[in-house]
Amino acid sequence: MKRFFYLIQFLLISGIAFAQNKNYGYISKYKTITHELLSMEERAFKQTDINYQKMYKLIDSIIDYTTQKIQKIKLETSLKNKQRALKILHTIDQSLTEFDFITYYTIERLNQALIKVEIKKENINLFEQKDRRDGNQTIYFFDYYRHSDDDSGAICMTKNRREYFYNSESNKFYRSDCDLTAFIYLGIAQVNNLPMYLVEVPKHNFIRYQINENSFINWDNNSANTFSNEDFRNGLSPTVSTQFNLEDEKKYGYLKNMTHKEVIGYHYENVARYSIENNEYEKAIEQLKLAVKNRPYSKYASEDLSSLYHSIGYKNIQERNYANSILNFQEALKINDTMQYANDNLGYALIRMNRLDEGKKFIDISIKLGNNNPAYSSRNLGLYCFYKNDFDCSKEHYLDAFNLAKKYVDFLDYHYAELLLKLGKLDKAIEHLKIAAEKGEFDAKEKLNDLTKN
């Protein structure tokens, strides 16, 4: 309760208690990496219902409030460097708790994290989870919470956070996860000249406090606890259990201190995912290109970019725009020439453009790589044989595709119907065309209409 009055007194004295009305004239007091990352989102998303100025104001308030505490810690001469660093890290965690932040994953953008939402405490049933490191007795508290049908996530609390959460009179909280909370740490560190860095491991991020060249503290801000590099390699943090080896560590930049430029690149990945969700593919491509440019070693940026090119290419196929689909599949393969399905689908598109042998080459590559869908590969080989007028070969591959299919294979029924028509089996062809037409395939609908008219 004493902390609560301290926070209220600070807000009133500094004149930044948050009003309900929108104040679009606010000018940020600071220009930190946190502000810069939020500004990226503001430029990328044209949602007029988001009050970004209120968010900048919140960031400034957190920095001001926490800086007062940090400056006092810096004056404590009895503290050794590591003790001071740990006290500062705990203090930042405490400040965010007092500002009603809870660890809630997955939240992917600052413009989500910096909006308070109602959390129904009566619907939360926290269960205990012991720290998974041998000999460590720390207890964490978890629950899976559904805020709405399309908004749910896992809550992670420490003993201190849980106490504050249930004692708080508020029923609205800010939700933030590993990377977004780390962004706030970085802003506080920047104002206070603290050597903090964002660090990535598979599916997770944390803050590193670099005490000197040979000494540092890995601070898992999700759990407000310290972990060694080896702990992260072994997947022992409370919220992520993915392990990785030294080869992947070097290849993907795990456990390295990110530069300012790399943090920007990292967040472009988050921003791009939102653009993809909203079908703004061209915008997402540019954002992911910037992510790759700033962090060429990033596993996820390159994967997302190649997957996006592939998705656009497949959409082109569905729209019968085979020329564009070829270009997009080729872009995907420039990034990852072993990408699942891209070789196969490029082969299909080339065959549809009557570039038969070139298309067959990519189908063969896909089969050789072994990460293809065999039903689709068989469909593509059936189409290749059909265009070569080898109808026995075509039928064999199409039937293989039907047998191998675990679910509906796009365009297989249509192409098999084409073959059946060539073989004079009209009734059977119409059956397959009806199946394809019900799936919304344009070619099948057109062919069925033509046959019906005749």
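The values are calculated or read from the model by the stated rules, or taken from the named source; none is laboratory data. Since the model is a prediction, treat every value here as computed from it, not as a measurement. Ideal geometry is used to build each Cβ from the backbone, glycine not excepted, and the neighbour counts take in all protein chains shown.
Quick look at the numbers
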| item | result |
| --- | --- |
| Condition broken by Arg109, with the remaining ones in (1) at positive phi; (2) at pLDDT below 95; (3) surrounded by 16 or more Cβ atoms within 10 Å (Cβ to Cβ) satisfied | (1) |
| Test for Ile276: is it at pLDDT below 95, among the β-branched types (Val, Ile, Thr) and more than 12 Å from Cys178 (Cβ to Cβ) | yes |
| Selected residue [at pLDDT 95 or above, hydroxyl-bearing (Ser, Thr, Tyr) and under 27 Å from the mean Cα position of the chain (by Cα)] from Tyr185, Tyr144 | Tyr185 |
| Unique residue being closer than 29 Å to Met55 by Cα, without any contact (Cβ under 8 Å) to a residue 40 or more places away in the chain and surrounded by 19 or more Cβ atoms within 10 Å (Cβ to Cβ) when the list is Asn193, Asn222, Asn218 | Asn218 |
| Which numbered condition Asp143 fails, given (1) part of a loop (DSSP other than H, G, I, E, B); (2) without any contact (Cβ under 8 Å) to a residue 40 or more places away in the chain | (1) |
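Residues are listed down the side, and each one gets a yes or a no for (1) closer than 22 Å to Gly382 by Cβ; (2) aromatic (Phe, Trp, Tyr); (3) not in a helix (DSSP H, G or I):
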| residue | (1), (2), (3) |
| --- | --- |
| Ala301 | no, no, no |
| Ser306 | no, no, no |
| Arg320 | yes, no, yes |
| Ala323 | no, no, no |
| Gln340 | yes, no, yes |
| Leu346 | yes, no, no |
| Ala349 | yes, no, no |
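Okay, residues lined up against (1) modelled with pLDDT of 95 or more; (2) under 24 Å from Lys46 (Cβ atoms); (3) not assigned by TED's automatic domain parsing to the domain that holds Gln190:
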{"site": "His260", "(1), (2), (3)": "yes, no, yes"}
{"site": "Tyr281", "(1), (2), (3)": "no, yes, yes"}
{"site": "Gln287", "(1), (2), (3)": "yes, yes, yes"}
{"site": "Lys334", "(1), (2), (3)": "yes, no, yes"}
{"site": "Asp337", "(1), (2), (3)": "no, no, yes"}
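Yes or no, residue by residue, for (1) surrounded by 14 or more Cβ atoms within 10 Å (Cβ to Cβ); (2) in a helix (DSSP H, G or I):
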{"residue": "Cys385", "(1), (2)": "yes, yes"}
{"residue": "Tyr398", "(1), (2)": "yes, yes"}
{"residue": "Glu418", "(1), (2)": "yes, yes"}
{"residue": "Leu421", "(1), (2)": "yes, yes"}
{"residue": "Ala429", "(1), (2)": "yes, yes"}
{"residue": "Ala437", "(1), (2)": "yes, yes"}
{"residue": "Gly440", "(1), (2)": "no, no"}
{"residue": "Thr452", "(1), (2)": "no, yes"}
